[in-house]
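Worksheet for the structure shown next.
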Amino acid sequence: MIVEQNVPLQTCNSFGIVAKAHTLVRICTQDDALAVQKELQAQGLGHCVLGGGSNIVLTGDVKARVLKVEIKGRQLLQDTAKAWIVEAGAGENWHDFVTWTLAQGWPGLENLALIPGSVGASPVQNIGAYGLELQDRFESLDAIDLSTGKLFTLNAAQCAFAYRDSIFKHRSSGENGLGLAGRALILRVRFNLPKPWRPVLGYLELERKIAETGIAQPHAQQIYDWVCAIRRTKLPDPAVLGNAGSFFKNPTVTPEQCADIIARDPNVVHYPMPDGNIKLAAGWLIDVCGWRGKTVGNAAVYEKQALVLVNRGGATGGEVVTLAKAIQTSVYERFGILLEPEPVVI
Ligand code: EPU
């Protein structure tokens, strides 16, 4: 365990916002996590868990102990007739892990290539892209309960995955005591990569690639290359232009609400869901409200994708939050829909 004081966090958050951690603790092993838990309990200290920092907005220096999870390691645990079961430490970089699994000959995560962040953060958000969500490839994870010091393992059902959501985003509440936000520190995640491998190609932009290239049966590496290429054209590279990916979730509405919006805006981008509800493209809602390229201070709406807010250099968390609130108000006034932010504001 490495403890540092007054640590600049600019390189620890993908928005590139300037802020400091009063105390930053680097957790490199399970024993580090157990030791930190004891210290937090004994001294009654507040904490905040930091993975790859790709889903946070820092609005000032962080007084609570910042627990930076840097647990490494990746291995094949099982190779059965049905699946490859692969495990990675929470501190592994997500994209590097995806790249490595493919290089080993274990396909299945290719649609999730180039998503910024760490392996440990992937189940929290139930990351998803190009027709695949983490929950489709999830086996189980190990974590420590920071309030009790107990180690525990959760399977997919216990993680309560939903669209960009899981048990790790909810505080404990009510009778069932569900909710592990602020309590769980994820140590390791295991993935189930099913055999035989089947491509996931339902997403419009992947269908376009098939039409363009004439490759009707792409292999996993080909899909990985396509996904990386699509992302690079549409989404800003956080190393060049700070951002946290999509800033809002795509909202879901009832068929009646959707019909009402279509009556006013026939071009609204919408997708029917298996449960009968309809998902709307938040990027489109923001775009038609005229937000593309608009700024508040140094925070801006990305020109090529209105769902992404970017740091044009020197943006503060306050500017990002002010811009996000103005977007919410404008979309609400026009469509009656309150957009829900994806990143956590600290
Ligand atoms: N659109 C516009 N204007 C815009 C942006 C989008 O009209 O400025 C329209 C597009 O025409 C398109 C539709 O909105 O028809 C959807 O856009 P896109 O395909 O880019 O996907 P998205 O819904 O904006 C989601 C995820 C992304 C993920 C992509 C691909 C959410 C909140 N975002 O974006 O995830 O990469 O689909 O699967 O679900 C992330 O979560 O950080 C993220 C980048």
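None of the figures in this text is laboratory data; all of them are computed from the coordinates on show. Everything quoted here is computed from the prediction, not taken from an experiment. Every residue, glycine as well, gets a Cβ built from its backbone with ideal geometry; the counts of neighbours run over all protein chains shown.
Can you give the relative contact order of the chain as a percent, counting alpha carbon pairs under 8 Å and 6+ residues apart?
Working: 714 pairs, mean separation 56.8, N = 346.
For the chain, the relative contact order is 16 percent.
How far, in nm, would the chain grow between residue 312 and residue 287 when pulled straight, counting 0.36 nm per residue and subtracting the alpha carbon separation?
Once the chain is fully extended between residue 312 and residue 287, it gains 7.1 nm.
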Per the C-alpha gyration tensor (a ≥ b ≥ c, the square roots of its eigenvalues), the range 192-346 is rounded if a/c is under 1.5, else prolate if a/b beats b/c, else oblate; here it's oblate
Once both label points are put 7 Å beyond Cα along the C-beta direction, the residue 172-residue 64 separation in nm becomes 1.5 nm
Once normalised by the length of the range 228-346, the mean sequence separation of its alpha carbon contacts under 8 Å that are 6 or more apart gives a contact order in percent of 28 percent
In the chain, helical segments from DSSP H whose Cα atoms cover 18 Å or more along their own axis and that average at least -1.0 on the Kyte-Doolittle scale are 30-43, 220-234, 317-335
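Using mean Cβ contacts within 10 Å as the protection proxy, how do 188-197, 90-99 order, highest first? Before the final figure, lay out each step's value.
Details: 188-197: 17.8, 90-99: 21.2.
Ranked from most to least packed, the peptides come out as 90-99, 188-197.
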If the label point sits 7 Å along Cα→Cβ of residue 2, residues of the range 83-115 with amide N under 19 Å come out as 89-94
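Please label the shape of the chain as rounded, prolate or oblate, based on the square roots a ≥ b ≥ c of the eigenvalues of the alpha-carbon gyration tensor (a/c under 1.5 means rounded; beyond that, a/b larger than b/c means prolate, else oblate). Show your work: numbers first, answer last.
Values: a/c = 1.58, a/b = 1.15, b/c = 1.38.
Cα axes put the chain in the oblate bin.
Length gain on complete extension for the stretch residue 219 to residue 249, per 0.36 nm per residue less the alpha carbon to alpha carbon distance? Walk me through the numbers before you get to the answer.
Details: separation 30, 0.36 × 30 = 10.80 nm, distance 3.02 nm.
Additional length available on full extension: 7.8 nm.
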Excluding residues fewer than 8 positions from residue 249 in its own chain, the aspartates and glutamates with Cα under 13 Å of it are 165, 340, 342
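If we sort 115-128, 7-20, 255-268 on the protection proxy, mean other Cβ atoms within 10 Å, highest first, what's the order? Don't skip to the end; give the middle numbers.
Working: 115-128: 24.5, 7-20: 19.6, 255-268: 12.6.
Most protected by this proxy first, the peptides run 115-128, 7-20, 255-268.
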So, with points 7 Å from each Cα along the Cβ direction, the residue 76-residue 273 label distance in nm works out to 3.8 nm
Two pseudo-spin positions, 7 Å from Cα along C-beta at residue 158 and at residue 239, lie apart in nanometres by 3.7 nm
Using alpha carbon centers only, the range 155-208 is separated from the range 66-145 by a whole-angstrom value of 11 Å
So, over other residues within a Cβ distance under 10 Å of residue 70, counting Lys, Arg +1 and Asp, Glu -1, the net charge is +1
Taking r as the C-beta separation of residue 18 and residue 39 and R0 as 41 Å, the FRET efficiency to the nearest 0.05 is 0.90
Cross-link reach from residue 63 to lysines, straight Cα distance under 25 Å and at least 8 residues apart if same chain, gives 20, 38, 169, 325
